[in-house]
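The values are calculated or read from the model by the stated rules, or taken from the named source; none is laboratory data. Note that this is a predicted model, so its numbers are computed, not measured. Every residue, glycine among them, receives a Cβ derived from its backbone with ideal geometry; neighbour counts consider all protein chains shown.
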Amino acid sequence: MREWGQFHSARNLYIALVGEVGELGELLQWRSDEDVSEFVASVEGRQRFGDELADVNLYLLRIALVTNLDINQLALGKISTNEFRYPVNLAKGSSDKYSDRT
């Protein structure tokens, strides 16, 4: 057992998550969309991108556990909220934020 739980406060986990998101972003920074697609399609790129994505996911899951939140329920709730905020007839094909619609 590594006994890392003592360091896993919500605050510490959040800061670590931000770092991992930064590492994920670093893989994509300054690349065109086409370059990103090629990178993620390559064996090395897929591995590196997948590793960072997994790190982000693990920190999110750990934060949910430490804060006693059901991340799956939260995600389903957010999907429902977004379906209400962005009804298909108003949002399809548009990047406008719901509050900016007239």
- Task: Hey, can you tell me all the residues within region 47-102 that are closer than 18 Å to Val18 by Cβ and of a type in the set (Val, Ile, Thr)?
- Result: Val56, Ile63, Val66, Thr67, Ile71
- Would you say Phe49 is surrounded by 14 or more Cβ atoms within 10 Å (Cβ to Cβ) and of a type in the set (Phe, Trp, Tyr)? yes
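Yes/no matrix, rows are residues, columns are (1) under 30 Å from Asn12 (Cβ atoms); (2) modelled with pLDDT under 95:
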position: Ser32; (1), (2): no, no
position: Phe39; (1), (2): no, no
position: Val56; (1), (2): yes, no
position: Ser80; (1), (2): no, no
position: Leu90; (1), (2): no, yes
- Message: Residue pairs, Cβ under 6 Å, 6 or more apart or interchain, first in region 47-69 and more than 16 Å from Leu27 (Cα to Cα), second surrounded by 16 or more Cβ atoms within 10 Å (Cβ to Cβ) and among the charged types (D, E, K, R). List them.
- Response: Tyr59/Glu20
- Look at region 7-48 and say how many of its residues are under 13 Å from Arg62 (Cα atoms) and not in a loop (DSSP other than H, G, I, E, B). 9
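Yes or no, residue by residue, for (1) part of a helix (DSSP H, G or I); (2) more than 16 Å from the chain's Cα centre (by Cα); (3) surrounded by 10 or more Cβ atoms within 10 Å (Cβ to Cβ):
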{"site": "Leu65", "(1), (2), (3)": "yes, yes, yes"}
{"site": "Leu69", "(1), (2), (3)": "no, yes, yes"}
{"site": "Leu74", "(1), (2), (3)": "yes, no, yes"}
{"site": "Lys78", "(1), (2), (3)": "yes, no, yes"}
{"site": "Phe84", "(1), (2), (3)": "yes, yes, no"}
{"site": "Leu90", "(1), (2), (3)": "yes, yes, yes"}
{"site": "Gly93", "(1), (2), (3)": "no, yes, no"}
{"site": "Asp96", "(1), (2), (3)": "no, yes, yes"}
